[in-house]
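A.B. asks: First, the structure itself, so that you have it in front of you.
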Amino acid sequence: TGVSMVFFHASWCSICKAQRPFVKEAANLESLNDVFFGQVEFEDHSDITSERSVSGFPTTIIYKDGVEQTRLNGKGHDTDKLETLLKTYL
């Protein structure tokens, strides 16, 4: 239950590396203490990425009570955008 954000990435992906700092910053925001943050590495968990229909990296999915609400693909999603988006589901 609650709000979750999962960052799907691949270790070889330069776009993922560019997006990662924003995800980490969002995870450390006090205003988002009630959000569960997770990450899935493609090479280690290709079964999960397939199950969630993740076809490109990075993909960030926001869930509320286990139901997908929003999917962000690629980079350009800064900390403010992630915070604003997540707060709409809290």
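The values are calculated or read from the model by the stated rules, or taken from the named source; none is laboratory data. This is a predicted model, so every value here is computed, not measured. For neighbour counting, all protein chains shown are included, and Cβ atoms are generated from backbone atoms with ideal geometry for every residue, glycine included. Note: areas computed on protein heavy atoms with side chains; ligands, DNA, RNA excluded. Shrake-Rupley method; radii C 1.70, N 1.55, O 1.52, S 1.80 Å.
A.B. asks: Give the residue that is least open to solvent (accessible area, probe 1.4 Å), with candidates limited to residues of the range 25-34 that are closer than 24 Å to S14 by Cβ and aliphatic (A, V, I, L, M).
C.D. replies: Step one: of the range 25-34, the residues closer than 24 Å to S14 by Cβ are 25-28.
Narrowing further to those that are aliphatic (A, V, I, L, M): 26-27.
Numbers: A26: 0, A27: 42 Å².
Per the stated criteria, the residue is A26.
A.B. asks: State all residues of the range 35-81 that are closer than 10 Å to V6 by Cβ, crowded, with 17+ Cβ neighbours inside 10 Å and aliphatic (A, V, I, L, M); if no residue qualifies, say none.
C.D. replies: V40, V54, I61, I62
A.B. asks: Could I ask something else about it? Check L86 against each of (1) at pLDDT 95 or above; (2) more than 10 Å from the chain's Cα centre (by Cα); (3) surrounded by fewer than 17 Cβ atoms within 10 Å (Cβ to Cβ) and name the one condition it does not meet.
C.D. replies: Checking L86 against (1) at pLDDT 95 or above; (2) more than 10 Å from the chain's Cα centre (by Cα); (3) surrounded by fewer than 17 Cβ atoms within 10 Å (Cβ to Cβ), the one that fails is (3).
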